[in-house]
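Data first, discussion second: the structure below is written as structure tokens.
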Amino acid sequence: MPYTVTPTAIPDVLILQPKVFGDARGFFYESFNARDFAQATGLDVSFVQDNHSKSAKGVLRGLHYQIQHPQGKLIRVVQGEVFDVVVDLRKNLSTFGRWNGVHLSAENHRQLWVPPGFAHGFVVLSESAEFLYKTTDYWHPEHERSLLWNDPAVGIDWPTDGQPLLAAKDAAGKPLAQAEVFE
């Protein structure tokens, strides 16, 4: 099996550890194979868009979601390290409002599957990080929302020193009590 799959504290959110082949020359691994992904996870998803961002140390992006056209995401880091966070916004589930955080880095090769219905964000821990993710739906900016990154009701324990660097839309995110959520 090319992946080892580990459920997180929120069982629908999965950590995928690909099989990496390395030697003195470097390494190789398949970062995505639809057949193997489906076999390892039991999920039959279609990805329609790939995104790539680069951010400096201390940048916090998120917590983003699309209230219509929700996106599933398969996430990985190809340079640097981030602390990646998801918050369950599926109102009718017992995990509603719970968060989970995972360290993703170029060194550990981990990937994270985030199903639709979650807010997602990350903070860069290294000097910079390049972040790649596949999505199951297209970006619709008119439906994008931001959950407040430091909402005490959610209580995310971000591993940051001081105030992170935020985009205006992220600084103006809504607390969970006021956020649009999924039924």
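Every number here is computed from the coordinates shown, using simple stated rules; none is lab data. Values in this document were obtained by computation on a predicted structure and should not be read as measured data. Reconstructed Cβ throughout: ideal geometry from the backbone, glycine too, with neighbour counts over all protein chains shown.
The conditions of being part of a loop (DSSP other than H, G, I, E, B) and of a type in the set (Gly, Ala, Ser) are not met by residue 146.
The residues in the stretch 1-14 that are outside any loop (DSSP other than H, G, I, E, B) and either touching a Leu at 6+ places or on another chain (Cβ under 6 Å) or surrounded by fewer than 16 Cβ atoms within 10 Å (Cβ to Cβ) (or both) can be counted, and the count is 5.
Condition check: over 25 Å from residue 124 (Cα atoms), among the hydrophobic types (A, V, I, L, M, F, W, C), without any contact (Cβ under 8 Å) to a residue 40 or more places away in the chain and surrounded by 20 or more Cβ atoms within 10 Å (Cβ to Cβ). Does residue 37 satisfy that? Walk me through it before giving the result.
Numbers: over 25 Å from residue 124 (Cα atoms): yes; among the hydrophobic types (A, V, I, L, M, F, W, C): yes; without any contact (Cβ under 8 Å) to a residue 40 or more places away in the chain: yes; surrounded by 20 or more Cβ atoms within 10 Å (Cβ to Cβ): yes.
So residue 37 fits the description; yes.
Within the stretch 94-111, restricting attention to residues that are touching a strand residue (DSSP E or B) at 6+ places or on another chain (Cβ under 7 Å) and in a loop (DSSP other than H, G, I, E, B), the residue that is nearest to residue 54 (Cα to Cα) is 106.
Any residue that is surrounded by 14 or more Cβ atoms within 10 Å (Cβ to Cβ), among the acidic types (Asp, Glu) and part of a strand (DSSP E or B) - is there at least one of those in the stretch 151-171? No: the stretch 151-171 contains no residue that is surrounded by 14 or more Cβ atoms within 10 Å (Cβ to Cβ), among the acidic types (Asp, Glu) and part of a strand (DSSP E or B). Out of the residues in the stretch 140-156 meeting the condition of being out of contact with any strand residue (DSSP E or B) (no Cβ under 7 Å at 6 or more places or on another chain) and not polar (S, T, N, Q), tell me which one is nearest to residue 174 (Cα to Cα). It comes out as 151.
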